[in-house]
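Each remark here refers to the structure printed beneath this line.
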Amino acid sequence: MSRIKARFDALKAEGRGALIPYLQAFDPDLETSYAILSGMPGAGADLIEIGVPFSDPSADGPTIQQAALRGLGVGATLTRVLDMVRRFRKDDDITPIILMGYLNPIDSYGPKRFCVDAAQAGVDGLIIVDLPPEEADLLADDASANGLDVIRLVAPNTPDARLRAILPDARGFIYYVSITGVTGTRSASETQLSAALPRIRAISDLPVAIGFGVRTPEQAAIAARTGDAAVVASALIHTLATTLKGGKATADTVPAVLDQVRELSAAIRE
């Protein structure tokens, strides 16, 4: 059983949704980023999404774009991100790790080699924002052979026919992009989420994680009980950015982010 399925099964038995916090690898530097990553499970993270810095994102809003640029500025590469996951796995072999990124670095790395190396490093799932299902054969077989779940994304304007076409082959969980737009710009209401989820659940019984626009503990609680998980990204990156001095980490950086993860986790658990 994959770590992703094991974690969602355990949370279902517990009767609550999951918190999936996001961090941008190497933001603002490797050691600070790793300290946040290694502290997230203890702060209440159920799964963790790690962003792979990329210079030309299509889904990320300005907050995450700036985080990616900070990461690239200190030498982030796909290989080094995998090394960070490998380091994390020395102390934590339970928490599911999902890499979020774009196709270009994977294509340059070599899709087959990437899937092998990602699995060996301890990655469990992949969110490749600009890889449509029609082109997923580029790495689908290699991902499956190495136990990697390629996470499907759907949006409020995804037609029912499209859902029926892409969701039967989904693995791990479904990522519901709750707004039409980029990350961190606005939020969906509970009414909008409640109306959207039945369309997905009619086609797939996979857990549904709600992201894009989930910023506050209250919003995270709504997302986790309406769906099966809340993904919080820009709000955490914004908190990190406010602690930086001259673009560099301070003594407040790691504690500020982990305290926010605790607040989000507490709201979901309540």
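Summary table
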read-out	value
Charge-dipole axis of region 3-262 as Lys and Arg at +1 and Asp and Glu at -1 on Cβ define it, positive-most pick from Ser58, Gln260, Gly71	Gln260
Region 3-262: relative contact order as a whole-number percent, Cα under 8 Å and 6+ apart	22
Order of Phe114, Phe88 under a 10 Å beta carbon neighbour criterion, fewest first	Phe88, Phe114
Structure-derived Rg and Dmax of the Cα atoms in Å - corresponding label in (i) 19.8, 61; (ii) 17.0, 51; (iii) 16.9, 54	(ii)
Percent of beta bridges antiparallel (DSSP, the chain, rounded to nearest 5)	5
Under Karplus coefficients 6.51, -1.76 and 1.60, residue-wise ³J(HN,Hα) of region 137-149 in Hz, glycine/proline x	5, 4, 9, 4, 5, 5, 5, 4, 5, 9, x, 9, 8
Segment Arg269-Val129, length gained on full extension (0.36 nm per residue, minus Cα span)	47.5 nm
Computed magnitude of the charge dipole of region 3-262 (debye, nearest 20; Cβ of K, R +1, Cβ of D, E -1)	380
Computed lengthening from Ala59 to Asp83, 0.36 nm per intervening residue step minus Cα-Cα distance	6.1 nm
Exposure proxy ranking, count of Cβ atoms within 10 Å, fewest first, for Ser204, Ser234, Ser55, Ser33	Ser55, Ser204, Ser234, Ser33
Pairs of Lys in region 3-262 closer than 28 Å at Cα, counting only those 8 or more apart or on different chains	5
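Each value in this text was obtained by applying a stated rule to the coordinates, not by laboratory testing. Note that the structure is a prediction, hence the values are computed from the model and not measured. Cβ atoms come from the backbone with ideal geometry, glycine included; neighbour counts cover every protein chain shown.
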